[in-house]
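Q: Quick one: structure below, then a few questions.
The values are calculated or read from the model by the stated rules, or taken from the named source; none is laboratory data. This structure is a prediction, so every number in the text was calculated from the model and none was measured. Here the Cβ is made from the backbone with ideal geometry for all residues, glycine too, and neighbour counts use every protein chain on show. In case anyone asks, the SASA skips ligands and DNA or RNA and just uses the protein heavy atoms, side chains included. Shrake-Rupley method; radii C 1.70, N 1.55, O 1.52, S 1.80 Å.
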Amino acid sequence: MSYDDPDSPPPTGRRPFRRGGAYVAVAALVPAGLAGWLLWQVTSGSEEQGASTGAQSTASPTADSTEAPGSRSPSPSREHSGDKGEDDNKGDKAGAESPEKDGPLKGRVVVIDPGHNPNNFRHPKDIARLVDIGTNRKECDTTGTSTNDGYTEAEFTLDVAHRLRDALREQGASVRLTHDGDRNHGPCVDERARIGNEANADAVVSLHADGSGAGNRGFHVITPAKVSGGAADTGRIAGPSRDLGARIAGGFVRSTGSKPSNYIGSGTGLDVRDDLGGLNLSKVPKVFVECGNMRDPKDAALVKSADWRQKAANGISSGIAGFLEG
């Protein structure tokens, strides 16, 4: 996920989502839960990564996207040297509910938003058009980033989305995708938010990978700041989204062994932003998960591993389940 304004650094459920006193109780639990996760992180081992530095990403911003400066491939290749782990079960079309099974999440609705679209690079004018994100106007979408050998962010997010969908469905959740690579471009960031709102989702997770400089490693989860302007009003979802993000961060560490970002979030694995249309326009708890930095060789090796992608999906699923089950 790159930054939308290169001149500005990033800001330093129906069922689980309650109003009134319950909402305050949930919000109060977030710092304690995050502190417990951070203590676990410090005392447990994890996959080898660089130490937290707090340095800002050098990624080049456009829309709700991940893009490294000068890294956009005009014609992303579907071939690369890593194991892409082809997923034969693409099933659900955008917006379609997957069959529900009995399980602890039965009756819950989760929307998965695979960042970008593999076909976006074919439609530069369409994805460059500006859309209203409440506080300002931004590009409809971008191509996303890629590893140095051409494995694209859009391919990565679709693969993880399928794995995450299957994991949640096994627990009984009703799962929808904002798209399944079945559109010629997009959807735009405002439509992505609208799909989650219209589904009255208990949780929405937008999947991404970053396009920062080599040496910048690790994952982070972006949660919405409190913003109000035009169609944007995140006052009621900022707290629950923070809880969702903290739980996903904990699940991601436990499942993948990856450390939180060493360049965003001061080692917490959490970042708060007020400039992303997909978050600003959401009316339901929502987060963005930046699973790793595709421009760092070590992180790139992880995202190209089918085994690691499954662990990433399992970790995100675990965090969502913890949020939905309270």
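Q: Taking the range 189-221 only, how many residues are over 21 Å from residue 272 (Cα atoms) and touching a helix residue (DSSP H, G or I) at 6+ places or on another chain (Cβ under 8 Å)?
A: Count: 1.
Q: Could you tell me which of the residues 292, 235 is within 16 Å of the chain's Cα centre (by Cα) and either crowded, with 19+ Cβ neighbours inside 10 Å or at pLDDT 95 or above (or both)?
A: Details: 235 fails: within 16 Å of the chain's Cα centre (by Cα).
292 is the lone residue from the list that is within 16 Å of the chain's Cα centre (by Cα) and either crowded, with 19+ Cβ neighbours inside 10 Å or at pLDDT 95 or above (or both).
Q: What about residue 181, is it at positive phi and either surrounded by 20 or more Cβ atoms within 10 Å (Cβ to Cβ) or part of a loop (DSSP other than H, G, I, E, B) (or both)?
A: yes
Q: Quick test of your reading of the structure: residue 282 fulfils all but one of (1) over 23 Å from residue 200 (Cβ atoms); (2) polar (S, T, N, Q); (3) buried (at least 24 other Cβ atoms within 10 Å of the Cβ). Name the failing condition by number.
A: (1)
Q: In the range 295-321, which residue that is out of contact with any helix residue (DSSP H, G or I) (no Cβ under 7 Å at 6 or more places or on another chain) and hydrophobic (A, V, I, L, M, F, W, C) is most open to solvent (accessible area, probe 1.4 Å)?
A: Ranking the qualifying residues of the range 295-321, first place goes to 301.
Q: May I ask you to say which residue of 245, 257, 218 is at pLDDT 95 or above, more than 28 Å from residue 188 (Cβ to Cβ) and buried (at least 24 other Cβ atoms within 10 Å of the Cβ)?
A: Values: 245 fails: more than 28 Å from residue 188 (Cβ to Cβ); 257 fails: buried (at least 24 other Cβ atoms within 10 Å of the Cβ).
Sole residue among the options that is at pLDDT 95 or above, more than 28 Å from residue 188 (Cβ to Cβ) and buried (at least 24 other Cβ atoms within 10 Å of the Cβ): 218.
Q: If you don't mind, there's one more thing I want to ask. What about residue 72, is it among the basic types (Lys, Arg) and modelled with pLDDT of 50 or more? Walk me through it before giving the result.
A: Details: among the basic types (Lys, Arg): yes; modelled with pLDDT of 50 or more: no.
Here the answer is no, as residue 72 does not meet what is asked.
Q: Listed residues 168, 158, 207; which is hydrophobic (A, V, I, L, M, F, W, C), open to solvent by 10 Å² or more (accessible area, probe 1.4 Å) and closer than 20 Å to residue 312 by Cα? I'd like the intermediate steps shown before the answer.
A: Details: 168 fails: open to solvent by 10 Å² or more (accessible area, probe 1.4 Å); 207 fails: open to solvent by 10 Å² or more (accessible area, probe 1.4 Å).
Only one candidate passes the filter, namely 158.
Q: Now a separate question. Determine the pairs where a residue that is closer than 29 Å to residue 321 by Cα and of a type in the set (A, V, I, L, M, F, W, C), located within the range 139-167, has a partner that is open to solvent by 10 Å² or more (accessible area, probe 1.4 Å) and modelled with pLDDT under 95 with Cβ atoms under 7 Å apart, the partner being 6 or more residues away or on another chain.
A: Qualifying pairs under 7 Å: 158/181.
Q: Still on this model: Kindly indicate whether any position in the range 204-216 is farther than 19 Å from residue 296 by Cβ, in contact with a Phe, Trp or Tyr (Cβ under 7 Å, 6 or more places away or on another chain) and part of a strand (DSSP E or B).
A: Yes; the residues of the range 204-216 include at least one that is farther than 19 Å from residue 296 by Cβ, in contact with a Phe, Trp or Tyr (Cβ under 7 Å, 6 or more places away or on another chain) and part of a strand (DSSP E or B).
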